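For reference, the structure discussed in these notes is given below.
The values are calculated or read from the model by the stated rules, or taken from the named source; none is laboratory data. This is a predicted model, so every value here is computed, not measured. Cβ placement follows ideal geometry from the backbone for every residue including glycine, while neighbour counts extend to all protein chains displayed.
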Ligand SMILES: Nc1ncnc2c1ncn2[C@@H]1O[C@H](COP(=O)(O)OP(=O)(O)OP(=O)(O)O)[C@@H](O)[C@H]1O
């Protein structure tokens with residue numbers, strides 16, 4: 001489903017990726033671990049077509065991602081990928097329901113239909129009654145569950161999650177991870193999860209370590 005081969009990327013003089021290789025099977029949940037600054041987020045951004053590598057190849061869901069133009073990459077992100085980031089990054093002016101519906105609205109789905117598709121996610125993720133709140137009126141855990149619903153509402157083939165529980169306390173983080181994993185399994189969504197926390201990585205089927213811009217080890221979790 002995902003294959004990265006010898007991916008390199010530098011920010012000016014700083015090499016962030018120095019020949020990273022990664023393969024992820026369809027439906028697999030893979031945790032990308034490693035020290036701060038090792039290149040985890042850069043690798044995720046390359047896989048997701050947010051950043052374009054300097055070298056190497058990236059194939060995701062049958063498409064070569066690294067050679068696509070900006071418009072094609074943005075269409076691929078919108079249509080096939082879902083995202084959850086550390087701080088949720090909800091649009092503050094929109095209600096929770098509108099935030100969840102956003103990927104559908106951006107894909108051209110009519111407002112009523114998009115909001116109808118967003119609606120079941122509130123019950124599914126324990127957010128009933130919060131549909132009309134804005135992000136400033138949600139707790140961190142609620143906001144992150146809204147962000148998770150937004151990441152999954154369009155039925156992505158791959159969910160990219162970068163430290164999705166990084167801003168949450170451990171209990172709230174566990175609730176978010178339980179929901180993320182259950183929802184991904186239910187939809188058969190492949191998940192690439194960047195985390196530096198072993199507790200979070202333990203939710204994955206497998207973890208890989210990134211060190212100095214390379215994927216250095218593969219391990220099957222017990
Ligand atoms: N936009 C940028 N401009 C310049 N340098 C960058 C940029 N993004 C990342 N880097 C550098 O690239 C390297 C890899 O960064 P990256 O964010 O991928 O690491 P990370 O493993 O995700 O770290 P963390 O766990 O701290 O988030 C680091 O040296 C970082 O300083």
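The figures follow:
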| quantity | calculated |
| --- | --- |
| Test: residue in the range 37-49 that is over 23 Å from residue 209 (Cβ atoms) and either touching a residue at least 24 places away in the same chain (Cβ under 8 Å) or over 19 Å from the mean Cα position of the chain (by Cα) (or both) | yes |
| Residues of the range 1-12 satisfying the condition of being part of a strand (DSSP E or B) and within 17 Å of the chain's Cα centre (by Cα) | 2, 3, 4 |
| Single condition residue 89 does not satisfy, out of (1) over 16 Å from the mean Cα position of the chain (by Cα); (2) part of a loop (DSSP other than H, G, I, E, B); (3) within 16 Å of the ligand (Cβ to nearest atom) | (1) |
| Failed item in (1) part of a helix (DSSP H, G or I); (2) modelled with pLDDT of 95 or more, with residue 58 passing the rest | (1) |
| The range 3-18: number of residues that are more than 9 Å from the ligand (Cβ to nearest atom) and buried (at least 22 other Cβ atoms within 10 Å of the Cβ) | 2 |
| Residue list for the range 128-138, filter: in contact with a helix residue (DSSP H, G or I) (Cβ under 8 Å, 6 or more places away or on another chain) and touching a residue at least 12 places away in the same chain (Cβ under 8 Å) | 130, 131, 132, 133, 134, 135, 138 |
| Residues being part of a loop (DSSP other than H, G, I, E, B) and at pLDDT 95 or above - total across the range 13-24 | 0 |
| Strands (runs of 3 or more DSSP E) fully within the range 116-222 counting 3 or more residues that are surrounded by fewer than 16 Cβ atoms within 10 Å (Cβ to Cβ) | 214-220 |
| Residue 65 crowded, with 16+ Cβ neighbours inside 10 Å, more than 14 Å from the ligand (Cβ to nearest atom) and under 24 Å from residue 187 (Cα atoms) | yes |
| Residues of the range 19-62 that turn out to be surrounded by fewer than 16 Cβ atoms within 10 Å (Cβ to Cβ), over 22 Å from residue 205 (Cα atoms) and within 11 Å of the ligand (Cβ to nearest atom), as a count | 2 |
